[in-house]
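Note sheet for the following structure.
The values are calculated or read from the model by the stated rules, or taken from the named source; none is laboratory data. Keep in mind the model is a prediction, meaning the values are calculated, not measured. Positions of Cβ are backbone-derived with ideal geometry, glycine not excepted, and every protein chain shown enters the neighbour counts. Heavy atoms of the whole protein, side chains included, go into the accessibility calculation; ligands, DNA and RNA do not. Shrake-Rupley method; radii C 1.70, N 1.55, O 1.52, S 1.80 Å.
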Amino acid sequence: QWYQRRVRGSFQNKSALNNSVPVEQYACAELINSYRKSMEDQLLPAMRDMYGNHCQKLDQALKKWVHEYTQRLHDSSQLSPAVQNKLDQIQNRIARISEEGGGLATIHQQRLDPAVQRVTSKLRNFEVQGSVATSEDLINVAIEQKRFHTAMEMALNAKDLDLVLETCRQIPVEDMFRDPPSQLILLSIFAHLQADLHVDLELKSSYLIEAIQAVDMTDQTVRHHKGQLMQTLIENIDTSQPRVPRDMYNLYLKNLRWSASMLMNA
């Protein structure tokens with residue numbers, strides 16, 4: 001529960017989220033650092049106390065058993081004076097160890113404490129930074145691994161339109177939409193690609209049309225945002241029309257406007 005609270009608090013702290021760091025990388029760093037902290041502050045002390053309690057109980061049980069056993073032998077009339085004297089020495093030694101705070105519990109603490117300190121020291125020196133690799137590096141790796149949705153999500157989360165466009169150029173539209181992305185990715189694509197449609201017209205329009213066709217109308221988030229998003233897209237199409245040759249408008253924007261209108265009114 002402590003670990004869950006720490007991780008949740010890390011992500012609720014919006015100031016900790018650096019826009020230049022993808023959520024996937026930030027999450028990885030935070031999870032590792034939270035786990036390290038939970039090990040240091042919670043797990044190791046709990047294990048130390050647990051084993052200490054077990055050793056203390058075992059120590060008490062062992063002393064009780066030895067005392068009772070030696071007492072029975074001592075009370076036996078068949079023991080020689082030499083054996084009885086030896087038993088007295090054993091009982092005195094056990095009593096002296098108890099008075100000095102010795103026994104299994106003390107030995108356990110003397111051996112475990114340095115080990116806990118060594119592990120804690122190593123944990124404190126081990127911390128993952130949230131900005132080791134650049135967004136471009138992580139996106140390129142995801143594309144090489146054909147994790148296209150992950151690559152696009154990282155680009156969109158970076159809030160960098162140039163990075164989003166470069167990611168679109170690297171991922172063919174048919175590969176991106178062969179398996180429909182999540183609805184949140186689709187909504188983010190609408191928000192990022194609908195501006196300045198006269199620039200990179202073919203790229204933006206191909207992605208936007210495929211995104212419209214992949215929309216799930218049963219999704220409540222989509223139903224809530226689609227009207228405003230499609231209205232803005234239509235306005236941007238109309239704004240871009242004078243800056244686009246007629247043949248290009250008919251080839252790309254006319255169909256896109258019709259699709260956006262159909263989705264807005266659905």
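Some notes on this structure:
- Carbon and sulfur %, accessible surface of the range 163-266 computed with the full protein complex present, 1.4 Å: 50 percent
- In the full protein context, the range 176-266 carries 54 Å² of accessible surface per residue, based on a 1.4 Å probe and ignoring ligands, DNA and RNA.
- Net length gained if the chain between residue 54 and residue 232 were fully extended (0.36 nm per residue, minus Cα distance): 57.3 nm
- In this label model, residue 162 and residue 200 are separated by 1.1 nm, measuring between points 7 Å along each Cα→Cβ vector.
- Sequence-distant contacts, meaning Cα pairs under 8 Å at least 6 residues apart, place the relative contact order of the range 181-266 at 37 percent.
- If R0 equals 22 Å, the separation of the Cβ atoms of residue 221 and residue 149 corresponds to a calculated FRET efficiency of about 0.85.
- Computed E for residue 254/residue 134 - FRET, C-beta separation, R0 41 angstrom, nearest 0.05: 0.60
- The calculated pair-distance distribution of the range 210-266 uses every alpha carbon pair, bins of 10 angstrom beginning at 0, and gives 24, 51, 21, 5 percent.
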